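Have a look at the structure below, then the notes.
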Amino acid sequence: MSAGTALVTGASSGIGAAVAAALVRRGYTVYGTSRDPEKVNDPVEGVTYLALDLSDDASIEACAAAAGPVDVLVNNAGESQSGPFEELPMDALRRLFQINVLGAVRLSQLVLPGMRERRRGRVVMVGSMLASFPLAYRSSYVASKAAVKGFAHAARREYAGYGVGITTVEPGSIATGISERRTQYVAEGSPFRAAYDTMLAALNANEARGITAAKVAATVLAAIEAPRPRPLYAVGSNAPLVFALRRVLTRGAVERMVARRHGLR
Ligand SMILES: NC(=O)c1ccc[n+]([C@@H]2O[C@H](COP(=O)([O-])OP(=O)(O)OC[C@H]3O[C@@H](n4cnc5c(N)ncnc54)[C@H](OP(=O)(O)O)[C@@H]3O)[C@@H](O)[C@H]2O)c1
């Protein structure tokens, strides 16, 4: 799809900032979001920042109204959460699903009618390869990214006849510093502490030596510009190889492969 107006959530850092920058270079008018646009450390040149807190429905509606008609929505903002399954507090789970799933769904619902009427649009969900390769002690995050992918996969065909493409991009390990912002829930005296710490150390190390956010942005751009975007794109963590292996290995073998990559048995 050729240039128009794009809205990128979570454009204050990492992948969102890289996607916003790539869209500016492609000639799009770009709105990027932050919970606090005044405090964005390194604003991307050419991007107009709007306030958006995905945990607040009124903020989502105000953001969509401020952006006006958009041709491209990149649902990138998200929380990275980890902790043993049985120790995840319900309020933390509700917040995670509000931000990573329902917030993105609501914002999409607000921009899609305009795209449908103009018969032109792209919605990209930034998921995670962990949704395709589930990892222990990341169950809430895995589930939230699988949920948003499920919405996108199913809704795709509703828009297929309207020139509107809905797609999911699953990044692997990307060096954005997200490890420092990850929310963690491990109970005091947790029986899972040692295994959790092992997983976390591997996860953080993988992220630190991951590919750049700019490489993810190039994949997001390819999804936006494809005449018929595929349902799923993946980038980083040897995505082509591991997705190929996933097609030929048993589920158990894939589970062991993911566990071993994170120091787990
Ligand atoms: N880095 C990785 O290895 C990796 C791998 C797979 C998937 N991902 C996904 O890629 C996306 C971007 O991650 P990143 O690595 O670039 O992380 P990041 O640098 O921490 O960026 C997260 C963005 O989300 C925004 N955000 C956080 N909470 C929000 C809320 N309640 N409402 C609205 N915006 C909120 C932040 O904006 P403000 O703080 O300015 O509001 C920030 O711009 C996320 O969905 C993440 O799950 C990342």
Subset of region 159-217, residues over 26 Å from ALA11 (Cα atoms), loosely packed, with under 14 Cβ neighbours inside 10 Å and either within 11 Å of the ligand (Cβ to nearest atom) or touching a residue at least 12 places away in the same chain (Cβ under 8 Å) (or both), comes to ALA201
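Could you tell me whether ASN76 is under 20 Å from GLU225 (Cβ atoms) and in contact with a Ser or Thr (Cβ under 7 Å, 6 or more places away or on another chain)?
Working: under 20 Å from GLU225 (Cβ atoms): yes; in contact with a Ser or Thr (Cβ under 7 Å, 6 or more places away or on another chain): yes.
Yes: the conditions hold for ASN76.
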Which of the residues belonging to region 80-95 are in contact with a helix residue (DSSP H, G or I) (Cβ under 8 Å, 6 or more places away or on another chain), more than 10 Å from the ligand (Cβ to nearest atom), not hydroxyl-bearing (Ser, Thr, Tyr) and not in a loop (DSSP other than H, G, I, E, B)? PHE85, ALA92, LEU93
Which residues, counting only those in region 227-265, are over 17 Å from ILE211 (Cα atoms), out of contact with any strand residue (DSSP E or B) (no Cβ under 9 Å at 6 or more places or on another chain) and of a type in the set (D, E, K, R)? ARG246, ARG247, ARG251, GLU255, ARG256, ARG260, ARG265
Taking region 143-158 and keeping residues in contact with a Phe, Trp or Tyr (Cβ under 9 Å, 6 or more places away or on another chain) and either more than 11 Å from the ligand (Cβ to nearest atom) or part of a strand (DSSP E or B) (or both) leaves ALA143, ALA147
Give me the pairs: first residue in region 47-73 and part of a strand (DSSP E or B), second residue of a type in the set (Phe, Trp, Tyr) and at pLDDT 95 or above, beta-carbon distance under 8 Å, and six or more apart or on different chains, which are they? VAL47/TYR31; THR48/TYR31; TYR49/TYR31; LEU50/TYR31; VAL72/TYR28
Subset of region 51-70, residues farther than 17 Å from GLY14 by Cα and in contact with a strand residue (DSSP E or B) (Cβ under 6 Å, 6 or more places away or on another chain), comes to CYS63, ALA66, ALA67, VAL70
Give the residues of region 144-158 that are crowded, with 21+ Cβ neighbours inside 10 Å and of a type in the set (A, V, I, L, M), sorted by residue number. VAL148, ALA152
Any chance region 186-193 includes a residue that's within 21 Å of the chain's Cα centre (by Cα) and not hydrophobic (A, V, I, L, M, F, W, C)? no
Please go through region 1-56 and give me each residue that is surrounded by fewer than 20 Cβ atoms within 10 Å (Cβ to Cβ), near the ligand (Cβ under 7 Å from one of its atoms) and over 15 Å from the mean Cα position of the chain (by Cα), ordered by number. ARG35, ASP36, VAL40, ASP53, SER55
Would you call VAL254 part of a helix (DSSP H, G or I), among the β-branched types (Val, Ile, Thr) and within 22 Å of the chain's Cα centre (by Cα)? no
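The values are calculated or read from the model by the stated rules, or taken from the named source; none is laboratory data. These numbers were taken from a predicted model, which means no experiment stands behind them. In this analysis, Cβ positions are derived from the backbone assuming ideal geometry, glycine residues included, and neighbour counts consider all displayed protein chains.
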